[in-house]
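Chemist: Before we start, here is the structure in question, set down as structure tokens.
What follows draws every value from the coordinates through simple rules; no lab data is involved. Bear in mind that the values here come from a model prediction, so they are computed numbers and not experimental data. Neighbour counts are summed over all protein chains in view; Cβ atoms, including those assigned to glycine, are modelled from backbone coordinates with ideal geometry.
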Amino acid sequence: MIEFDKFTLDNGLKVIVHRDATTPLAAVNILYNIGARDENPDQTGFAHLFEHLMFGGSVNIPNYDEPLQQVGGDNNAWTSNDVTNYYLTVPKENLETAFWLESDRMLSLDFTEKSLEVQKSVVIEEFKQHYFNQPYGDVWLHLRPLAYKKHPYQWATIGKCIEHIEEATLQDVKDFFFHHYAPNNAVLVVSGHVETEEVKQLAEKWFGPIERRSIAPRNLPLEPKQTEFRSLRLERNVPYDAIYMAFHMGSRSDEDFYKVDLLSDILSNGQSSRIFQTLVKEKNLFSTIDAYLTGDFDPGLFIVSGKLTEGVSMEDAEIAIWEVLNAVSETKAGAYELQKVKNKVESTLVFSEISFLNKAMTLAQHEVNGDANDINLEVEKYNKVTTENLQEMARKILIKKNCSTLYYYAKKQ
């Protein structure tokens, strides 16, 4: 049970405090309810660009890292299609430095042409390095628009194309900032060796004066139900053929999420899983293969992806995958098999809660997606899943007309 206190400032900033006296440190995590799904389809990659801009200096603090390092702090950030998350850790005695730094970033960034050009260059280089110059790097640039035809999950957090970043103007990024990065669109979680009263005082002092902002309305198009099989063939300079199969499923907050998550674990969690035992160990069709969920706030994807063993045909590999998927639809999993993956999930959740920083991030994500207390209900929800539930989900999701498949071929030399 993770205990925490929660309050909201007059400007709409939600604040959560979790006390963990086992550490001499404190974590400050700010989750902004803005991700790639909130972008203009003609101006994508902005949420990720801001992950970089937020470290380029704020209105009163030209260098974010230097004062943090002087007090023994560390920091980082990440962006998803749903949210943008910034976090730092400091010795508990230097907690106020964290509030000073983060509140100034929320107040306003140091918007200059120079800062924008520097960060645009960084993002463009990252785009090239991770998506174009890395084997299999462009998979999601093709798989997302294959699976999604309406919903903005159809582009990756990096954006649709480099041109959207190259053409971003200073006014574009200012507008994006002031319509999304605001106290009334964020959750602040402070975890570690802290007291709630101290956090309240610091939150009021540093974040309280920041005014509420007009948040851009979120009116996301619903993705129509997929009714026919889709496929795309690519050839690239990669060492081995690979296959990527995407099946539509529900959102992270759906009660069915826990059923589908355990279904993916039965298929591919560990060397005793069905996919590993059948397709890797017995038939030697794949060198690596996995099944996992994207876990998105809106309806997401169940992914099966693998790299083929040399000499195996794409047709044989695909047929073998469908045989495993059909088997889990046709026959109920055993009680022992299900309990084994439940135990793994529970141990993973328990171990993740050892870190005060992990707890801060997870509390923030649960709060922005519904209620922070859901963190304490996860194990119970997994334990309620039955073997009948798994079969029901397999029959509903793992079907041909709900599948988008990317055939990723290695170019013949």
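Chemist: Could you tell me which residue out of Ser305, His164, Thr79 lies farthest along the dipole of the chain toward its positive end? Charges go on the beta carbon: Lys and Arg +1, Asp and Glu -1, centred on the Cα centre.
Modeler: Of the options given, the answer is Ser305.
Chemist: Mind giving me the nanometre distance, one decimal, between the label points for Glu126 and Asn219, set 7 Å out from Cα along Cα→Cβ?
Modeler: Each label point lies 7 Å from its Cα, and together they span 3.1 nm.
Chemist: Still on this structure, please answer the following. For segment 225-278 and segment 1-69, write down the distance between their C-alpha centroids in whole Å.
Modeler: What the calculation gives is 31 Å, centre to centre.
Chemist: Here's something else I'd like to know. Step by step: find N for segment 355-413, compute 2.2 N^0.38 Å, then divide the Cα radius of gyration by it. What's the final number? Could you put the intermediate results ahead of the total?
Modeler: On the way: Rg = 18.9 Å, N = 59, 2.2 N^0.38 = 10.4 Å.
Here the answer is 1.83, to two decimals.
Chemist: Further, regarding this structure: Which residue fluctuates the most in the chain, going by a Gaussian network model with Cα springs under 10 Å, if the choices are Val304, Val189, Val71?
Modeler: Per the Cα network of the chain with a 10 Å cutoff, Val71 tops the list.
Chemist: Sticking with this one: Can you give the calculated 222 nm mean residue ellipticity of the chain, where each DSSP H run of n ≥ 4 adds -39,500 (n - 2.57) and the sum is split over every residue, rounded to the nearest 500 deg cm²/dmol?
Modeler: Details: 14 runs with 155 residues, N = 413.
Helix contribution divided over all residues of the chain: -11500 deg cm²/dmol.
Chemist: A follow-up question, please. So how strong a dipole does segment 230-410 carry about its Cα centre when Lys and Arg Cβ are +1 and Asp and Glu Cβ are -1, to the nearest 20 debye?
Modeler: On the way: 20 positive and 27 negative charges, 69 e Å.
About 340 debye.
Chemist: Turning to a different aspect of this structure: Quick one: if you stick a label point 7 Å off each Cα along the C-beta vector at Thr112 and Ser352, how many nm between them?
Modeler: Here the modelled spin labels are 4.0 nm apart.
Chemist: Another question about this same structure. Using 7 Å Cα-to-Cβ label points, what is the Leu170/Lys400 separation (nm, one decimal)?
Modeler: The two pseudo-label positions are separated by 5.8 nm.
Chemist: Which value, in Å³ per residue, describes the convex hull spanned by the Cα atoms of segment 5-206?
Modeler: Details: hull volume 27.3 nm³, N = 202.
Cα convex hull per residue, to the nearest whole number: 135 Å³.
Chemist: Calculate the radius of gyration of the Cα atoms of the chain to one decimal place, then report Dmax, the largest Cα-Cα distance, as a whole number, both in Å.
Modeler: Every Cα atom of the chain included, Rg and Dmax give 22.8, 66 Å.
Chemist: Taking the Cβ of each residue in Leu220, Leu101, Leu107 as the centre, tally the other Cβ atoms inside 10 Å and list the residues starting with the fewest.
Modeler: Lowest to highest Cβ neighbour count: Leu220, Leu107, Leu101.
Chemist: Follow-up. Which of the listed residues, Val189, Tyr148, Gln134, is farthest toward the dipole's positive end in segment 97-197, when Lys, Arg count +1 and Asp, Glu count -1 at the beta-carbon?
Modeler: Tyr148
Chemist: Same structure again: Amide H neighbours of Ile34 under 5 Å, counting only residues 5+ apart in sequence or on other chains, H built in-plane at 1.01 Å?
Modeler: Close amide H contacts, sequence-distant or interchain: Thr84.
Chemist: Check the straight Cα-Cα distances from Lys128 and name the aspartates and glutamates below 15 Å, setting aside those fewer than 8 residues away within the same chain.
Modeler: Partners within reach: Asp138, Glu163, Glu166.
Chemist: Then there's this: What's the magnitude of the charge dipole for segment 5-206 around its Cα centre, counting Lys and Arg as +1 and Asp and Glu as -1 at the beta-carbon? Answer in Debye, nearest 20.
Modeler: Values: 16 positive and 30 negative charges, 131 e Å.
Approximately 640 debye in magnitude.
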